[in-house]
1. When the dipole is taken about the Cα centre of the chain, and only Lys, Arg (+1) and Asp, Glu (-1) are charged at their Cβ, what size is it in debye, to the nearest 20?
2. Just add up the charged neighbours of Lys185: K/R +1, D/E -1, any other residue whose Cβ is under 10 Å from the Cβ of Lys185.
3. Taking just the alpha carbons, could you work out the radius of gyration and Dmax for segment 288-339, both in angstroms?
4. Using θ = phi - 60° and the Karplus form 6.51 cos²θ - 1.76 cosθ + 1.60, what ³J(HN,Hα) does each residue of segment 142-154 get, whole Hz, x for Gly and Pro?
5. Between Pro103, Pro128, Pro243, which gets the highest mean-square fluctuation from a Gaussian network model of the chain, Cα cutoff 10 Å?
6. Work out the P(r) tail for segment 82-147: percent of alpha carbon pairs separated by more than 19 Å, whole number.
7. Any lysines with Cα under 24 Å of the Lys7 Cα? List them, leaving off those in the same chain fewer than 8 positions away.
8. Report the residue, chosen from Phe73, Phe213, Phe205, that carries the largest GNM mean-square fluctuation when the chain is represented by alpha-carbon nodes joined by springs under 10 Å.
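Derivation of every value follows stated rules applied to the coordinates shown; laboratory data play no part. As the structure is a computational prediction, the values presented were derived from the model and not from experiment. FYI the Cβ positions are ideal-geometry reconstructions off the backbone, even for glycines, and counts take in every protein chain you see.
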Amino acid sequence: MAKSRPKVDEIARLAGVSKATVDRVLNNRPGVQEHTRVHVTSIAASLAGSPVETSASDKVGLDFILPGGSNPFIADLARHLERQAASRTDVDVAIHRLSGIEPEEIAAQLGSLRPSCQGVGLIGLDSPAVREAVRQRIAAGLSVLTLVSDISHVGRVSYVGIDNRAAGRLAGYLIGRFMPGSKGKIALIAGALAYRGHEEREMGFRHVLDERFPLLEIIALREVRENADRAYKEVRALLEEQPELVAIYCIGAGHQGIVRALTEAGREKSIIFIGHDLTDDTRQYLLSGVMDAVIDQNAGVEAREAIDRLVRATRNEPLISSTTIRIQSVFSENIPTDA
């Protein structure tokens, strides 16, 4: 017996689209792109108990390469990719989590993808080894998409992520507005500056301080390789060396170590602390007051767009542009109920 017609909000949640879009698709109204229409229709059919028949040979093989480590945002992104893949009948997705963020490991994984792989999405370092590996996969006929952090001059089909330079400017603007007219010293804690996204965030942060808040001085930039323990050691040392430190901007991962250092030093309420990505950890840091703001990007939307765009690229559909994900400032007073 077939299931009853699924609810619009359930389809919208699984498809990662608005209820208005689902309504247009179900009622065959205009105003929806074809790839979105196919995606929503497939999910609706599956929920109704009559999934679209797709043989294994018809499925598009997609591989995703994500960095290793304990970054909670990367873990969230991996889960969203798995959920999106499970909701579709036209893709076969494999997720490769690396042991770290070394360019040689990323390049090696690019060279050992599944034989069935037709498209690959990756968060890759903007390094010579990774760029060359990407170019080789493109020359071999694969569609390559960059995710979260872009890679320059490689011929990828699309980039899905936030405008990282704008995110850095936003972080600087928030710190400046939290401390109007004040003098002070600021530390930057970077995950890995070989990520183009982290480099762009640093650039945007510096520019907005120069333009609008000249009394605030960046006195340190520490690269912690996305490691919380290294972040802890660097911040503890900075707190001892720089008693005039008034703010910390965490460009990538490492929030746990920074919180630990601030708390042990008794500075968790006196130093402005801004970082990225709303996760279970950063939610708690906002609620406790040790973190003042989180600059968030929607991992679910990124996962959906990455899969959609790679599928379209493998089918040679035109006009596959880059997708800029909306940036959201999250404070203790506006934490969304569903991250």
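1. Magnitude of the dipole: close to 780 debye.
2. Overall, the nearby charge balance is -1.
3. 15.7, 49
4. With coefficients 6.51, -1.76 and 1.60, one gets 8, 8, 10, 10, 9, 10, 6, 10, 7, 10, 7, 6, 10 Hz.
5. Residue with maximal mean-square fluctuation among Pro103, Pro128, Pro243: Pro243.
6. In whole percent, the share of Cα-Cα pairs in segment 82-147 beyond 19 Å is 32.
7. Lys19
8. Fluctuation is largest for Phe213.
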